[in-house]
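For reference, the structure is listed below as structure tokens.
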Amino acid sequence: MSFGTIFATIVFVAILIFSSYLLATSTIFMMNTLSQSFKKANDMQNGKLKTEIEIVNVSVSDAQNITVVINNTGKTKILNDDFKYIDVFVYYDIVGAAERYTFKWIPYTETYPPENDHWTVVSISPDSVNPRNFDPDEQMKIWIRVLPRIENGTTGWIKVVTPNGISASSYFFT
């Protein structure tokens with residue numbers, strides 16, 4: 001056997017070993033990534049299954065301020081830092097407009113009182129464990145300020161959506 005054949009065989013075996021190593025490490029990396037993705041998806045789904053809220057009361061004062069009382073009837077707490085991810089939607093008739101209504105997404109603010117077209121937390125009760133977090137079996141009162149004003153004597157609708165997508169809705173009457 002000549003030296004060229006031996007060298008070609010050694011190079012071929014080295015390339016084969018290196019290729020096998022690359023295939024094995026990329027497969028392990030891919031399986032690890034997939035396993036982490038499945039775990040995160042499972043955790044998100046588990047969180048959704050344990051989350052439940054209920055709108056207990058909605059009241060409107062001076063055609064611009066809406067107070068909503070929400071119960072956390074699930075097993076998941078909503079952290080104070082996650083309030084900005086709670087979506088609030090409001091549908092109502094506009095003052096002085098014939099056959100006119102508005103549907104709005106209302107963002108969260110920490111400002112008290114809230115600016116127009118914003119909502120803020122008024123209180124959480126009882127708030128003994130994890131202060132300022134919305135824990136299971138607690139009640140949160142939020143204040144929504146809207147503009148344009150709500151037509152008196154009409155029906156409106158409100159929807160509150162948690163950061164993980166669980167929602168509750170209710171009609172309100174002015």
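The solvent-accessible area of T111, taken with every protein chain present and a 1.4 Å probe, is close to 60 Å². Sorting K84, K48 by accessible area puts them as K84, K48; the probe is 1.4 Å, largest comes first, and only protein heavy atoms count. For the residue pairs K39/K159; K40/K159; K50/K104; K77/K159, the C-alpha atoms sit more than 24 angstrom apart in K39/K159; K40/K159; K50/K104. Measuring r between the beta carbons of T67 and T102 and using R0 = 30 Å, the FRET efficiency lands at 0.95. Helix-only arithmetic for the chain: the sum of -39500 (n - 2.57) across DSSP H runs with n ≥ 4, divided by the residue total, places the mean residue ellipticity at 222 nm at -10500 deg cm²/dmol.
Full extension of the chain segment joining F173 with A14 gains 49.4 nm, where the gain is 0.36 nm per residue of separation less the Cα-Cα distance. Compared with the dominant Cα axis of the chain, that is its longest principal axis, helix 3-50 is turned about 20°.
Protein-only accessible surface at a 1.4 angstrom probe places the residues T73, T51 in the order T73, T51, largest first. Under Stokes-Einstein, with the Kirkwood radius over Cα pairs as Rh, the value for the chain at 37 °C and 0.692 mPa s is 166 µm²/s.
Inter-label distance, I28 to T155: 6.4 nm, where each label sits 7 Å from its Cα along the C-beta direction. Computed with a 1.4 Å probe on the full set of protein chains, the accessible area for Y108 sits at about 40 Å².
If the chain linking L147 and S37 were pulled fully straight, counting 0.36 nm for each residue of separation and taking away their Cα-Cα distance, it would gain 35.4 nm. K141 contributes about 80 Å² of solvent-accessible surface, heavy atoms of the protein only, 1.4 Å probe.
Take the solvent-accessible surface of the protein heavy atoms, probe 1.4 Å, and return the percent of it on region 104-153 that carbon and sulfur atoms account for. Carbon and sulfur: 51 percent of the exposed surface of region 104-153. Accessible area ranking (1.4 Å probe, heavy atoms, ligands and nucleic acids excluded), largest first, for W143, W119, W105: W105, W143, W119.
The values are calculated or read from the model by the stated rules, or taken from the named source; none is laboratory data. Remember, predicted model here, so these are calculated numbers, not experimental data. Neighbour counts are summed over all protein chains in view; Cβ atoms, including those assigned to glycine, are modelled from backbone coordinates with ideal geometry. The accessibility values were calculated without ligands, DNA or RNA, using every heavy atom of the protein model including side chains. Shrake-Rupley method; radii C 1.70, N 1.55, O 1.52, S 1.80 Å.
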